[in-house]
1. In this structure, does residue B:134 turn out to be more than 10 Å from chain A (Cβ to nearest Cβ) and either outside any helix (DSSP H, G or I) or surrounded by fewer than 22 Cβ atoms within 10 Å (Cβ to Cβ) (or both)?
2. Out of the range A:93-123, which residues are more than 7 Å from chain B (Cβ to nearest Cβ) and not in a helix (DSSP H, G or I)?
3. Does residue A:151 meet the test of being more than 23 Å from the chain's Cα centre (by Cα), at negative phi and away from chain B (no Cβ under 11 Å)?
4. Counting only residues that are in contact with a helix residue (DSSP H, G or I) (Cβ under 8 Å, 6 or more places away or on another chain) and part of a loop (DSSP other than H, G, I, E, B), how many does the range B:147-175 have?
5. Tell me, which residue of the range A:124-148 that is part of a loop (DSSP other than H, G, I, E, B) and within 26 Å of residue B:255 (Cβ to Cβ) is nearest to the chain's Cα centre (by Cα)?
6. Within the range A:213-222, track down each residue that is crowded, with 17+ Cβ neighbours inside 10 Å and under 16 Å from residue A:190 (Cα atoms).
7. What do you reckon, is residue B:114 within 30 Å of residue B:189 (Cβ to Cβ), without any contact (Cβ under 8 Å) to a residue 60 or more places away in the chain, surrounded by 17 or more Cβ atoms within 10 Å (Cβ to Cβ) and touching a helix residue (DSSP H, G or I) at 6+ places or on another chain (Cβ under 9 Å)?
8. Those residues that are over 20 Å from residue B:86 (Cβ atoms), surrounded by 22 or more Cβ atoms within 10 Å (Cβ to Cβ) and touching a residue at least 24 places away in the same chain (Cβ under 8 Å), I need them from the range B:218-247; list them, please.
């Protein structure tokens with residue numbers, strides 16, 4: 001009896017720190033944000049006590065034009081960056097999976113962007129996008145004449161696209177490595193069989209590679225989508241949500257409302273909405289795209 | 001003609017060259033600008049070949065950013081290092097322990113614990129920053145290392161990855177150890193943990209990348225250079241409406257990126273293997 005008890009107390013002691021942290025860092029704040037969303041809680045203490053305001057925050061949120069703009073921007077970013085980034089990652093992975101010369105060197109080089117913190121990437125791209133004579137505009141001038149330039153970051157139409165390209169550049173190596181792992185798992189004899197059948201390169205991709213990547217694709221689609229929905233740093237450093245709110249994402253709006261404007265109650269309603277949206281999207285993707293071998 | 005390119009590899013090779021250029025040109029530009037001490041010249045030559053291939057090599061910008069008292073580079077670097085290393089060590093220790101209990105232990109609620117862990121993986125940390133900030137304020141933790149370390153160590157994904165690995169270890173290994181009088185903790189410490197190097201490095205790398213990019217949380221909970229990490233200091237170059245000193249910005253960026261890139265070059269094999277393995281799940 002004492003020995004069993006001793007073994008179990010050890011188990012409890014080993015389980016406790018991680019569970020305590022999860023409760024303190026995730027469960028308690030989660031419950032707090034639901035609670036705050038029904039109050040007029042402020043960040044800094046005020047002389048007037050915090051009041052229960054019912055659904056006011058939610059009513060305000062659904063009537064808030066800027067909130068809907070933030071949702072639109074976040075959706076736009078996600079819809080642009082996910083296919084773009086996954087396509088690039090897959091193409092690079094296929095090139096680096098082929099028996100090309102200097103393959104190791106190419107792999108090393110293509111991973112480098114992942115090692116740069118986003119703030120450094122933003123600094124680099126701020127120069128690339130510079131007006132009127134940054135590198136990208138210099139290239140543009142070759143086609144459009146010497147005085148022409150595009151204000152990539154400063155234009156409402158182009159700012160989000162500029163953030164998309166920068167983000168894809170910064171993080172594509174992660175997806176590329178996962179694709180590379182997936183490509184290495186494709187059985188080689190499938191390709192041999194396809195070749196014997198006279199399949200073209202495109203047919204080999206379409207009917208051998210692509211089906212074999214199904215699980216990898218689903219995994220990457222879900223994590224890249226969730227990553228995209230959380231867009232904050234690039235926007236916060238490069239555009240401050242502008243111009244004219246055209247790059248204000250949900251998280252950036254939440255930060256503005258809750259931290260800069262100190263409206264915790266209102267921002268909590270936004271965060272509850274964000275949590276529900278992200279979870280729903282993840283679950284829906286999961287349900288509609290079943291892994292191979294699942295019912 | 002000698003066949004350098006086996007059949008079907010010319011196109012992939014050309015594509016790989018394009019990608020390599022797309023990665024290296026911006027990096028070369030970063031280095032080139034950082035070596036140019038003349039801000040006026042940087043602006044004038046931006047976009048020309050001169051901003052990709054250094055004409056002058058001067059370390060003036062580096063000396064400037066390393067010795068700027070208003071923006072103490074090495075202090076920021078130490079802050080980042082302390083927060084990152086502490087997070088990784090604590091996180092890997094407590095999360096692997098908890099995972100071992102769930103995978104190999106005999107506590108009655110283990111299934112519930114696992115369910116709870118899986119459910120918390122889905123919670124986006126960004127949606128919790130405001131209540132976390134209020135909690136941190138109530139606990140008097142704002143502007144400390146602790147407040148930057150805490151959110152990272154509660155890592156449900158890390159528990160789950162360790163759980164997957166530990167539950168695949170054959171039971172016989174542990175039964176033999178029990179005969180030798182190993183306690184539960186000793187089984188974890190002396191059998192499971194030494195076997196789990198691949199998971200440890202995968203978890204460590206994923207979490208390192210996360211900490212290295214952390215921005216939202218440190219911006220909210222740090223005020224001055226005493227505990228601020230490098231990323232936030234870097235972001236602050238863009239905070240004001242003043243003219244951005246590009247030479248300094250790029251010297252700061254290079255100083256920040258080089259240690260990590262060197263470390264990566266040394267550990268490349270493990271890095272690639274770890275990231276690859278992180279996707280094989282679900």
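The values are calculated or read from the model by the stated rules, or taken from the named source; none is laboratory data. Remember, it's a predicted structure, so these values are computed and weren't measured experimentally. For neighbour counting, all protein chains shown are included, and Cβ atoms are generated from backbone atoms with ideal geometry for every residue, glycine included.
1. Values: more than 10 Å from chain A (Cβ to nearest Cβ): no; either outside any helix (DSSP H, G or I) or surrounded by fewer than 22 Cβ atoms within 10 Å (Cβ to Cβ) (or both): yes.
Here the answer is no, as residue B:134 does not meet what is asked.
2. Scanning the range A:93-123 gives a single hit, A:102.
3. yes
4. 4
5. So, considering only residues that are part of a loop (DSSP other than H, G, I, E, B) and within 26 Å of residue B:255 (Cβ to Cβ), the one nearest to the chain's Cα centre (by Cα) is A:129.
6. A:213 - this is the single residue of the range A:213-222 that is crowded, with 17+ Cβ neighbours inside 10 Å and under 16 Å from residue A:190 (Cα atoms).
7. yes
8. Passing the criteria: B:246, B:247.
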